[in-house]
Amino acid sequence: MMSLKIEIETRQGGLYIVKLEGKLDTQTYKSCEDRLNALLGKAKVLMFDLAKLDYISSMGLRTILRIRKAMQTAGGNVMMSNVQPQIAKVFEIANALPDVPIFSSTKEADDYFDAMQRKVLEKRQPIL
């Protein structure tokens, strides 16, 4: 049986980094979906780190799309980082995530989040 390892890291501000390792397919999508559904209502941003995801099937793609839709409905967001070329090709062919930010690394995503938070804080500063 093909396996999928799921590691979820909690960050400040409702950011959850979801690291997927192995294969997201018809054998593994249900456990992934269950873990991700548990984050709905808590997460403001789900960042998928796909550095170690080797394979995704149509069911795996469907799982990510369903979670993305649920997150958007709840006012949240989904982002991707470290997407392997073969996985990026599946997303591209399916035109599945045209408006999802994709970062080359988790560090690039962290830098983006830091910059966005600084902008919000700067707007809150009283003008003297």
If we keep just the residues of the range 60-81 that are in a helix (DSSP H, G or I), hydrophobic (A, V, I, L, M, F, W, C) and buried (at least 17 other Cβ atoms within 10 Å of the Cβ), which is modelled with the lowest pLDDT?
LEU61
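Kindly check whether there is at least one residue in the range 19-33 that is part of a helix (DSSP H, G or I), at negative phi, out of contact with any helix residue (DSSP H, G or I) (no Cβ under 6 Å at 6 or more places or on another chain) and not small (Gly, Ala, Ser).
Restricting attention to the range 19-33, the residues satisfying the condition of being part of a helix (DSSP H, G or I) are 29-33.
Those still in the list that are at negative phi too: 29-33.
Still in the running and out of contact with any helix residue (DSSP H, G or I) (no Cβ under 6 Å at 6 or more places or on another chain): 30-31.
Still in the running and not small (Gly, Ala, Ser): 30.
Within the range 19-33, one or more residues are part of a helix (DSSP H, G or I), at negative phi, out of contact with any helix residue (DSSP H, G or I) (no Cβ under 6 Å at 6 or more places or on another chain) and not small (Gly, Ala, Ser).
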Name the residues in the range 82-105 that are modelled with pLDDT of 75 or more and not in a loop (DSSP other than H, G, I, E, B), would you?
PRO85, GLN86, ILE87, ALA88, LYS89, VAL90, PHE91, GLU92, ILE93, ALA94
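Which of the residues spanning the range 48-68 are of a type in the set (A, V, I, L, M) and closer than 13 Å to CYS32 by Cα?
Taking the range 48-68 first, the residues of a type in the set (A, V, I, L, M) are 50-51, 53, 56, 59, 61, 64-65, 67.
Result: LEU53, ILE56, MET59, LEU61, ILE64, LEU65, ILE67.
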Of LYS42, LYS23, LYS19, LYS52, which residue is touching a strand residue (DSSP E or B) at 6+ places or on another chain (Cβ under 8 Å), touching a residue at least 12 places away in the same chain (Cβ under 8 Å) and surrounded by fewer than 13 Cβ atoms within 10 Å (Cβ to Cβ)?
LYS42
Restricting the range 1-16 to residues that are closer than 24 Å to MET116 by Cβ and of a type in the set (S, T, N, Q), which is surrounded by the most Cβ atoms within 10 Å (Cβ to Cβ)?
THR10
Of all residues making up the range 1-29, the number that are within 16 Å of ALA70 (Cβ to Cβ) and touching a Ser or Thr at 6+ places or on another chain (Cβ under 9 Å):
2
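The values are calculated or read from the model by the stated rules, or taken from the named source; none is laboratory data. None of these values were measured; they are calculated from a predicted model. Using ideal geometry, Cβ is built from the backbone for each residue, glycine included, and neighbour counts are taken over all protein chains shown.
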